[in-house]
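Below you'll find the structure, written out as structure tokens, and then a few comments.
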There are 4 protein chains.
Amino acid sequence: MHESSSARLRITCADRPGIVAAVSNFLYSHGANITSLDQYSTDPEGGVFFMRQEFQTPHLDLTRSALESAFQGVVADRFEMDWNITYSTDKKRMAVLVSGQEHCLLELLWRWSRGELDCDVRMVLSNHPVHREAVEAFGIPYHYIAEAADDRAAAEARMLELLEGQVDVLVLARYMRILTGEFVSRFPESIINIHHSFLPAFPGADPYRQAKDRGVKLIGATAHYVTAELDAGPIIEQDVARVSHRQSVEELRRLGRDIERQVLARAVRLHLEDRIIVHQNKTIVFR
Amino acid sequence: MHESSSARLRITCADRPGIVAAVSNFLYSHGANITSLDQYSTDPEGGVFFMRQEFQTPHLDLTRSALESAFQGVVADRFEMDWNITYSTDKKRMAVLVSGQEHCLLELLWRWSRGELDCDVRMVLSNHPVHREAVEAFGIPYHYIAEAADDRAAAEARMLELLEGQVDVLVLARYMRILTGEFVSRFPESIINIHHSFLPAFPGADPYRQAKDRGVKLIGATAHYVTAELDAGPIIEQDVARVSHRQSVEELRRLGRDIERQVLARAVRLHLEDRIIVHQNKTIVFR
Amino acid sequence: MHESSSARLRITCADRPGIVAAVSNFLYSHGANITSLDQYSTDPEGGVFFMRQEFQTPHLDLTRSALESAFQGVVADRFEMDWNITYSTDKKRMAVLVSGQEHCLLELLWRWSRGELDCDVRMVLSNHPVHREAVEAFGIPYHYIAEAADDRAAAEARMLELLEGQVDVLVLARYMRILTGEFVSRFPESIINIHHSFLPAFPGADPYRQAKDRGVKLIGATAHYVTAELDAGPIIEQDVARVSHRQSVEELRRLGRDIERQVLARAVRLHLEDRIIVHQNKTIVFR
Amino acid sequence: MHESSSARLRITCADRPGIVAAVSNFLYSHGANITSLDQYSTDPEGGVFFMRQEFQTPHLDLTRSALESAFQGVVADRFEMDWNITYSTDKKRMAVLVSGQEHCLLELLWRWSRGELDCDVRMVLSNHPVHREAVEAFGIPYHYIAEAADDRAAAEARMLELLEGQVDVLVLARYMRILTGEFVSRFPESIINIHHSFLPAFPGADPYRQAKDRGVKLIGATAHYVTAELDAGPIIEQDVARVSHRQSVEELRRLGRDIERQVLARAVRLHLEDRIIVHQNKTIVFR
């Protein structure tokens, strides 16, 4: 969707009467035209309130910083809000991390090149050298981080050097190394992973084999934010496909690739459009 | 969800800045606690704006009629709104019309008896006598409207006698007679039909045979509001199921029954919760 | 589909060349007209072979026992087959076990009354007295097995008294008591349970609350054969529905009921049509 | 699945007893190891019978031509079969035709390059020059067929020159020109098109706009064999995705691209694996 100049406000606070009115008034009075408004409350009595508003900015009567400072003073303080505003003109800077399998990586790059993902893809990092040509064909730098089996720390240090301050979001597009808690803590709610099962079923290694062994009739994929605990971060998006006894583990992998590509692409898009609020290891997703 | 005392406001008007603020302010200033807000605009510049707000009413500072009159004066006139408010304490009165097949009828009655459909089922009308026992077991009056093949008018007159002023919504639960435009015009946007195909594919008679003949790989069902034009009213809900060459027409009918039941029940629930706004023969459905 | 007189042959054996030819020849030479044939091999070299053939029996040149004895001698011994034949004229006798929630029970009884489930429903057993009227309206005996909290053994003994020798298949239609291994062992591959999650995610108690806590974006249901290990038996059928942060635990339960009903009904039908072969805690399902 | 050397036999004939036995015997007696067998009959009494058998060929005791000639004499004549055998070692030669939108084209080429589509992609033809670089990067010749608006005949003549005798299957990957009946007749049951709607809903031009105008709640895509009648050929595969009032026509197109890619890729794969039999403008698809 093209909005020549718009902004997105996301809010989390304790629910009580008057929030929508206060926020809408504030935006209206400063010349913002609200084009989309979503809200959700866990409970109108004593629950937690979440809201996302998207508004056009051409007629704002304040600068960004003045607007944000006024919002803090006039609205946010009163309701003790956690909030932030993002601007469509500030494109998010993205890095993609990948291992041997390229299907999720290529899906993202293809969608990005078509204009479906509104971001700057700054670089691709991999512990495999093989995707260089495909990535560079998109005009994107490719960094092969060779990794001694016993030196995870050095690899992560090299990655941090490339990433820190340079990117806003990291996408693990079938990146098969476990990131340390230390590394993850540098990018809170900013690392998106695709896990090739319907979590919490089949966490960990080789989920398609686990699925075959258990004899499930559906296989799935899960996109989630990465936290220190493996495969346990807030779930953004999931989907499944029907299978039967006939599929070998290899065929489950092939079918699974199609789900992984779709689920990861949808999750990345939701993130880039600032449609997600994380709360207590779960996501509120305003579609 | 049970809200002991709540109301729903639905609005349609030309989009322009300030609507959300004006409505939210009005409700807040009169003691309404907004628990749900959905809005949609076909285009922020010159489009049509739709909104649904659900709010709790215990702390309202005005009577219903005073509130509505104030809303008209303070907000609706200013934005030239089409609007209405419904109250959770005013249960909708429902009639179900059915022919020979009872699966949709029983699905609705079972859900209603379980508390899933918040309405009063006032009566069941049928051109078949066979469902009397099943319906009366739910404590609901059953009216068998015998119908001479050449006297549609007399049957409709009899039905109008029973229905008019007595019910707010009519559900055609596989009612296989075509209602006249005259009859339909008495219940605008208040008659819900389930058609046993994925409309606009296979309108008219025997859609499962049409589906078999065309060799489609999915069959579907469509719930829609009834208008004067057969099978062409605003679509509320649709769903499909996968089939193959193996299913006979009879098996398509059996599989189709499951989709029909689900789709009709979902559509009726959406209507009862005032989640639908009809505009230019299409529906805006706020879920 | 009604076939006035047909039989189903199911076979499991080591795969090697010539099985299909041998079985098909045998049936053809004795006047059986094959109407359906499905086969599957885990691996043509050294794998396990599974086959289901459905055939019409009016022109058989042998009695049942002579046919079966000839099959053993001519075909089964040669390939060391596990096999059995069931006959459409021998309707399976079914019992349904249920606790407080009746949605799965009623779904089965309604489908059975409509002719969708080809079996004799012999009785309904429950640890709750409340469903008697609904069940007896279908002409089916209802046995309320009162249960002291500390006397599971007595309850199971009473149930066995009613069931053993009287039924061929037990359906746990949201029966919320855990059956002992001893009880289960009396009905091998003949007890079908519906679990209200997408197994192996969320086994055990209150899976919808578990699902809410984990923040999954799909909820599901799983029909499986009951084994001594809780929620770990061979999976017959699964399905899911999309949910979001908006659904409370109670709403997940309501949405889940629709999936449970569909999944259990499909699984029971597959069982009644002898479409399932169990092998190494997994199912081969020939649809 | 890789089978180093296998063949597929497809049969259509009038149903009568003994077909499975005769075919299986024949194959077994000549050293063929059957690895997959599917059959379907429209009606065991007087219906039409369809069968697909896949078998390993290393231990065949005859050459191809001797085997086929023996099959005709021993089995096919007796049952008056339409039949053919294809061999895994004879890769199908494929051409892709494309217009301005490249998503289906790239999906096919990417899957092909990964080994998911077992064929030789011989060339890509387009009435647009823009995809040359992307296609040639896969090592595939790209032919731009410039087309004067009034000279469809010349363009088709040029295409026939390139295609005839050179390819076995043509895939229209969002090729937006209508092929003449004359052209289509040169490739019977060998041209696969992706139509961007759930046929028979919304045939012809701009189906996403048609879908928006009708207000459907699901959009779909249909892969079908091309016949002389536009959008009316035998359907191979279909799928849908849920939409709402919120999606603009442009967003329906974007969501639709994902369905189109999946549905076309599945259809092409089914064709390449010889899993489809066409009969009376419908497909029997043995999965």
GluC sites (Glu not before Pro) restricted to DSSP loop in the stretch D:159-222 with at most 12 other C-beta within 10 Å: D:Glu164
Sum of -39500 (n - 2.57) over DSSP H runs of 4+, divided by residues of chain D (222 nm, nearest 500): -8500 deg cm²/dmol
Hey, what do the phi angles of the stretch B:141-147 turn into as Karplus ³J(HN,Hα) couplings, whole Hz, using 6.51/-1.76/1.60 and θ = phi - 60°, x for Gly and Pro? x, 10, 10, 8, 9, 4, 9
Once you sort the root eigenvalues of the Cα gyration tensor of the stretch B:92-285 as a ≥ b ≥ c, which label holds: rounded (a/c under 1.5), prolate (a/b larger than b/c) or oblate (the other case)? rounded
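Which whole-number percent is the relative contact order of chain C (Cα, under 8 Å, 6+ apart)?
Details: 517 pairs, mean separation 42.3, N = 287.
With pairs under 8 Å counted, the relative contact order is 15 percent.
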3J(HN,Hα) from dihedral phi, the stretch A:33-39, Karplus parametrisation 6.51/-1.76/1.60, rounded to Hz, x for glycine, proline: 9, 5, 10, 7, 9, 10, 9
Put a label point 7 Å from Cα along the Cβ direction on D:Leu255, then list its distances to the equivalent points in the other copies in nm, shortest first. 1.6, 2.3, 2.5
Which residue in chain A puts its Cβ closest to the axis that rotates chain A onto chain D, and at what distance in whole Å? A:Ala137, 3
Spin-label pair B:Leu162/D:Glu80, simplified geometry with 7 Å Cα→Cβ offset, distance in nm: 5.5 nm
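Taking the stretch C:202-287, which GluC sites (Glu not before Pro) meet the DSSP loop condition and have no more than 12 other C-beta atoms within 10 Å? Before the final figure, lay out the partial values.
Working: sites: C:Glu229, C:Glu237, C:Glu250, C:Glu251, C:Glu260, C:Glu273; in loops: C:Glu229, C:Glu273.
Counting only loop positions with at most 12 other Cβ atoms within 10 Å, the GluC sites (Glu not before Pro) in the stretch C:202-287 are C:Glu229.
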Mark the label point 7 Å from the Cα of C:Arg242 along Cα→Cβ and return the residues of the stretch D:224-250 whose backbone N is within less than 13 Å of it. D:240-247
Which distances, shortest first and in nm, link C:Asp90 to the matching position in the other copies, using label points set 7 Å out along Cα to C-beta? 4.7, 6.4, 7.4
From a point 7 Å beyond the Cα of B:Arg93 in the direction of its Cβ, which residues of the stretch B:167-185 have a backbone N at a distance under 15 Å? B:167-171
Determine the shape class of the stretch A:136-202: with a ≥ b ≥ c the square roots of the Cα gyration tensor eigenvalues, call it rounded for a/c under 1.5, and otherwise prolate if a/b is greater than b/c, oblate otherwise. rounded
Which whole-number percentage describes the relative contact order of the stretch D:125-254, with Cα contacts under 8 Å and a sequence gap of 6 or more? 18 percent
Amide H proximity to B:Ile140 below 5 Å, modelled H, separation 5+ or other chain, gives none
Tell me the distances, shortest first, between D:Gly139 and the same position across the other copies, using label points 7 Å along Cα→Cβ, in nm to one decimal. 2.8, 7.1, 7.6
The pairs in B:Lys217/D:Lys217; A:Lys217/B:Lys217; C:Lys217/D:Lys217; B:Lys92/D:Lys212 lying past 23 Å Cα-Cα in this model are B:Lys92/D:Lys212
Quick query: amide H of D:His245 versus all other amide H atoms, modeled in the peptide plane; which residues come in under 5 Å with a sequence gap of 5 or more or a different chain? B:Val285
Only sites in a loop by DSSP and with at most 12 other Cβ atoms within 10 Å count here; which GluC sites (Glu not before Pro) in the stretch C:1-89 make the cut? C:Glu45, C:Glu80
At a Förster distance of 41 Å, what's the computed FRET efficiency of A:Glu133 paired with D:Ala146, Cβ-Cβ distance as r, to 0.05? 0.85
With springs only between Cα atoms under 10 Å apart, run a GNM on chain B and tell me which of B:Asp38, B:Asp258, B:Asp61 wobbles the most. B:Asp61
Below 8 Å, C-alpha to C-alpha, sequence gap of six or more: please give me the relative contact order for the stretch D:194-269 in percent. 34 percent
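Values quoted throughout were computed directly from the atomic coordinates according to the rules given, and no laboratory measurement underlies them. Treat the numbers as computed from the prediction; the structure is a model and nothing was measured. Counting neighbours? That spans all protein chains shown, and the Cβs are built from the backbone with ideal geometry, glycine included.
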